[in-house]
1. Mind listing whichever residues of region 272-297 are more than 16 Å from the ligand (Cβ to nearest atom) and in a helix (DSSP H, G or I)?
2. Residue check: is GLU337 open to solvent by 70 Å² or more (accessible area, probe 1.4 Å), touching a residue at least 60 places away in the same chain (Cβ under 8 Å), more than 16 Å from the ligand (Cβ to nearest atom) and more than 27 Å from ALA178 (Cα to Cα)?
3. Kindly list the number of the only condition in (1) closer than 29 Å to LYS286 by Cβ; (2) open to solvent by 70 Å² or more (accessible area, probe 1.4 Å); (3) among the basic types (Lys, Arg); (4) within 16 Å of the ligand (Cβ to nearest atom) that fails for LYS182.
4. Regarding LYS47, is this residue modelled with pLDDT of 95 or more, open to solvent by less than 50 Å² (accessible area, probe 1.4 Å) and out of contact with any Phe, Trp or Tyr (no Cβ under 7 Å at 6 or more places or on another chain)?
5. Hey, can you tell me all the residues within region 313-334 that are away from the ligand (no atom under 16 Å from the Cβ) and either in a strand (DSSP E or B) or open to solvent by less than 10 Å² (accessible area, probe 1.4 Å) (or both)?
6. Tell me the residue from TYR261, TYR257 that is touching a Ser or Thr at 6+ places or on another chain (Cβ under 9 Å) and of a type in the set (Phe, Trp, Tyr), please.
7. Might you let me know whether region 303-312 holds any residue that is more than 26 Å from SER157 (Cβ to Cβ), in contact with a Gly (Cβ under 9 Å, 6 or more places away or on another chain) and crowded, with 17+ Cβ neighbours inside 10 Å?
Amino acid sequence: MSAPSESQRMEKIVSLCKRRGFIFQSSEIYGGLNGAWDYGPLGVELKRNLKNYWWRVMVHDRDDVVGMDGAILTHPAVLKASGHVEGFSDPMIDCRTCKAHLRADQLVEKKGVKQCPNCGGRDLTDARQFNLMFETHVGASAEESSIAYLRPETAQSIFVQFKNILEVSRKKLPFGIAQIGKAFRNEINPRNFTFRSREFEQMELEYFCRPEQGMGLLEYWKEERLKFYGNIGLGRAKLHVLNVPDAERAFYSKGTYDIEYDFPFGRQELEGVAYRTDYDLSQHQKASGKSLEYFDEETKEKIVPHVVEPSAGVDRTVLAMICEAYAEDQAPNDKGEMESRIVLRLHPRMAPMKCAIFPLLKNKEPLVAKAKEVVALLRPQMTVFYDESGAIGRRYRRQDEIGTPFGVTIDFETLGEKDPTLRDTVTLRERDSMKQERVPIQDLPVILQERIR
Ligand code: ATP
């Protein structure tokens, strides 16, 4: 059997996500809303694990970063000052043959002639700028003055609240403000599953510094962020750093790295790490007329801080983790015959369910009672999944498919029926190696905690 192509692999991933409750098309029963996705019971756990881990390493583990949670509805003045109202747009081209709206960079070129990637049509309009922001109205009137935007990035509320947060946190440069939250972009062509959506979540840090620290901190944050992706299970070989060339960088940026990942549909950006100079704070200072300066007690000078921004996408990272984890291999069934299995080799730290608990038989009351004791022991510390139905091999397979790293089976040995020395011990099975070890129930919390932290 030949290895599946990358597009077949992607199809299998999308189908697993739906079948097991990671990700569903939004408004599916009404035909779906393009570019919007709903996370199911397992998807929401995976996403939360990612966000919690990001928050832990970027905020809780550090003395120099504080968090905030800004509003999604944004005053138009904020986005005028930041340049989004004027310039946050993609060039759009229409295909007159199939009526598709296309981003200019999606056209295919054959023998020097640009074509529509859907129908091959060559009758294309000129490119025009299409602003990606969602506009809405606040209050009862629909006048110009009531316009608000759904934020296209979380960063702007951080800049706008810079002074308040500086005052309340009493931080000294360099220090950062972190935020995780929804952002909205009316993408011309949402595609590649959740990769390019119209509603998505970002994890952003704005790390403020003195001008002379900017370039060094750009390198520092690029390295920190690469470490982060390793710590959530993305293989270093599939991660790449693109040093964005001068011509493609925002004019105010003195350096930008894109951290990219090899998805089945190609190498694509996961995160941008950008040295944005003092552009954002200066723009808001100018437009609002309010000082956003920092008083440096050492030099007795006022400066507008510079900023380095690592800006990551939650949904893209979740998708990368699922793509990285998806594997098919061989595993023995209850009769010891090898069968193919689907396994999500998620990093234990990220897995939605940490441990599955199985009584060997569901109609043996002492086994069930013991299994429920194990559930009660572990539940305060981790997500657990209790399953008593079907052959044990099948139950393992169901957990492999959703990435549960550990399985605990309560059998007759646990009851001490054959060998009293084995009383209150269980088999602990590891998902990837399928190795089983016999461990005392009372040791489970410590053993598992160590492996999932
Ligand atoms: P792209 O070039 O892919 O459109 P971008 O360079 O516009 O992305 P940024 O503005 O740097 O993206 O946003 C920071 C991060 O937010 C991106 O690295 C990505 O992870 C995430 N992101 C941006 N747009 C989307 C989207 N439409 N869907 C999902 N995630 C997104």
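The values are calculated or read from the model by the stated rules, or taken from the named source; none is laboratory data. Predicted model, so just to flag it, every value in this text is computed and none were measured. Note that each Cβ is placed from the backbone with ideal geometry, even for glycine, and that neighbours are counted across all protein chains shown. Heavy atoms of the whole protein, side chains included, go into the accessibility calculation; ligands, DNA and RNA do not. Shrake-Rupley method; radii C 1.70, N 1.55, O 1.52, S 1.80 Å.
1. LEU281, SER282, GLN283, HIS284, GLN285, LYS286, ALA287, SER288
2. Considered against the rule, which asks whether it is open to solvent by 70 Å² or more (accessible area, probe 1.4 Å), touching a residue at least 60 places away in the same chain (Cβ under 8 Å), more than 16 Å from the ligand (Cβ to nearest atom) and more than 27 Å from ALA178 (Cα to Cα), GLU337 comes out as no.
3. (2)
4. Here the answer is no, as LYS47 does not meet what is asked.
5. Within region 313-334, the subset away from the ligand (no atom under 16 Å from the Cβ) is 325-334.
ALA325, TYR326, ALA327, GLU328, ASP329, GLN330, ALA331, PRO332, listed by residue number.
6. Testing whether each residue is touching a Ser or Thr at 6+ places or on another chain (Cβ under 9 Å) and of a type in the set (Phe, Trp, Tyr) leaves just TYR261.
7. Let us first name the residues in region 303-312 that are more than 26 Å from SER157 (Cβ to Cβ), namely none.
Looking through region 303-312, none of the residues is more than 26 Å from SER157 (Cβ to Cβ), in contact with a Gly (Cβ under 9 Å, 6 or more places away or on another chain) and crowded, with 17+ Cβ neighbours inside 10 Å.
One line per residue, one yes/no per condition, for (1) open to solvent by 40 Å² or more (accessible area, probe 1.4 Å); (2) out of contact with any Asp or Glu (no Cβ under 9 Å at 6 or more places or on another chain):
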position: LYS364; (1), (2): yes, yes
position: GLU373; (1), (2): yes, yes
position: ALA376; (1), (2): yes, yes
position: ARG379; (1), (2): yes, yes
position: SER389; (1), (2): yes, yes
position: ARG397; (1), (2): yes, no
position: ASP411; (1), (2): no, yes
position: GLY416; (1), (2): no, no
